[in-house]
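Chemist: Please read through the structure below; I'll follow up with questions.
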C-alpha cells in the first residue's frame, strides 16, 4: 500500500529496547488496530511499524479520510493499553533516544544532559526527533545529527 509523503505520523518511543518476541506481538496488535481504525465511521488508510525494537510508528494517509479528534483519542488509548501490557512507557517526551554506534539507546533528560557534559554525546551524535509530523519528515528529519535537531536549542549550551 502506497502512502502519501503528507501522511500524518505519530512516533511513540519505548523507554527500553523491546525483545524480538515483544516486537512480534506488538506488530500483530498494531496491524489489528490499524485495520479497524476509523474516523466518523470511515476506515482510515493506516499502517504501523516498529523500528529498532524501540519506536512504534502510526501512519495515516488522510487523502481518503482524515484522522479526527476521536480517532486520535482511540490511538492514544490503544498505546496506553500497549504500555500497560508490556510494562513500558511510550509517553515520556524527555526520554531521549540517540545512536551509539549501531545501537539505539535512550536516556532520561538528566542522564542525557550528563552524557553531553561528559562528551559521550556530541553535536554529531544521531538523535531521534519524535516530533516529526508527516511521512516526509519521518524519512528526512527523524534521525539527524544533534546539531541539526531541536535538541540543540534545549541543550546547546552543554556542547562545545
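Chemist: Among the numbered criteria (1) touching a helix residue (DSSP H, G or I) at 6+ places or on another chain (Cβ under 8 Å); (2) surrounded by 15 or more Cβ atoms within 10 Å (Cβ to Cβ); (3) farther than 17 Å from residue 148 by Cα, which single criterion is violated by residue 83?
Modeler: (1)
Chemist: Output the residue which, of all residues in segment 1-29 that are outside any helix (DSSP H, G or I) and out of contact with any strand residue (DSSP E or B) (no Cβ under 6 Å at 6 or more places or on another chain), is surrounded by the most Cβ atoms within 10 Å (Cβ to Cβ).
Modeler: Applying the filter and picking the extreme gives 14.
Chemist: I would also like to ask the following. Conditions: (1) more than 20 Å from residue 91 (Cβ to Cβ); (2) outside any strand (DSSP E or B). Residue 111 meets all but one. Number of the miss?
Modeler: Among (1) more than 20 Å from residue 91 (Cβ to Cβ); (2) outside any strand (DSSP E or B), the lone unmet condition for residue 111 is (1).
Chemist: Consider residue 122 against the criteria (1) more than 21 Å from residue 17 (Cβ to Cβ); (2) in a helix (DSSP H, G or I): it satisfies all of them except one. Which criterion is unmet?
Modeler: (2)
Chemist: Can you tell me which of (1) crowded, with 16+ Cβ neighbours inside 10 Å; (2) under 16 Å from the mean Cα position of the chain (by Cα); (3) assigned to a helix (DSSP H, G or I) is the one residue 130 doesn't meet?
Modeler: Here residue 130 meets the rest and fails (3).
Chemist: When only residues in segment 147-160 that are within 11 Å of residue 96 (Cβ to Cβ), out of contact with any strand residue (DSSP E or B) (no Cβ under 8 Å at 6 or more places or on another chain) and outside any loop (DSSP other than H, G, I, E, B) count, which is modelled with the lowest pLDDT?
Modeler: Once the filter is applied, the top-ranked residue is 154.
Chemist: Can you tell me which condition residue 63 does not meet? The list is (1) touching a strand residue (DSSP E or B) at 6+ places or on another chain (Cβ under 9 Å); (2) part of a loop (DSSP other than H, G, I, E, B); (3) under 26 Å from residue 20 (Cβ atoms), and all the others hold.
Modeler: (3)
Chemist: Going by the structure shown, is residue 112 touching a helix residue (DSSP H, G or I) at 6+ places or on another chain (Cβ under 8 Å) and over 25 Å from residue 154 (Cα atoms)?
Modeler: no
Chemist: Starting from segment 31-57, keep only residues that are assigned by TED's automatic domain parsing to the domain that holds residue 18 and at positive phi, then list their pairs with residues that are in a strand (DSSP E or B) and at pLDDT 95 or above whose Cβ atoms are within a distance under 6 Å, requiring at least 6 positions of separation or different chains.
Modeler: 52/104
Chemist: Then there is this: So, in segment 30-56, how many residues would count as being surrounded by fewer than 17 Cβ atoms within 10 Å (Cβ to Cβ) and outside any loop (DSSP other than H, G, I, E, B)?
Modeler: Total meeting the criteria: 9.
Chemist: Based on this model, can you work out whether residue 144 counts as part of a strand (DSSP E or B), under 19 Å from the mean Cα position of the chain (by Cα) and within 30 Å of residue 45 (Cα to Cα)?
Modeler: yes
Chemist: Which numbered condition in (1) at pLDDT below 90; (2) outside the structural domain of residue 18 (by TED's automatic domain parsing); (3) under 15 Å from residue 9 (Cα atoms) is the only one that residue 142 fails?
Modeler: Of everything listed in (1) at pLDDT below 90; (2) outside the structural domain of residue 18 (by TED's automatic domain parsing); (3) under 15 Å from residue 9 (Cα atoms), residue 142 misses just condition (1).
The values are calculated or read from the model by the stated rules, or taken from the named source; none is laboratory data. All of these numbers come straight from a predicted model, not from anything done at the bench. Cβ sites come from the backbone with ideal geometry, for glycine too, and all protein chains shown count toward neighbours.
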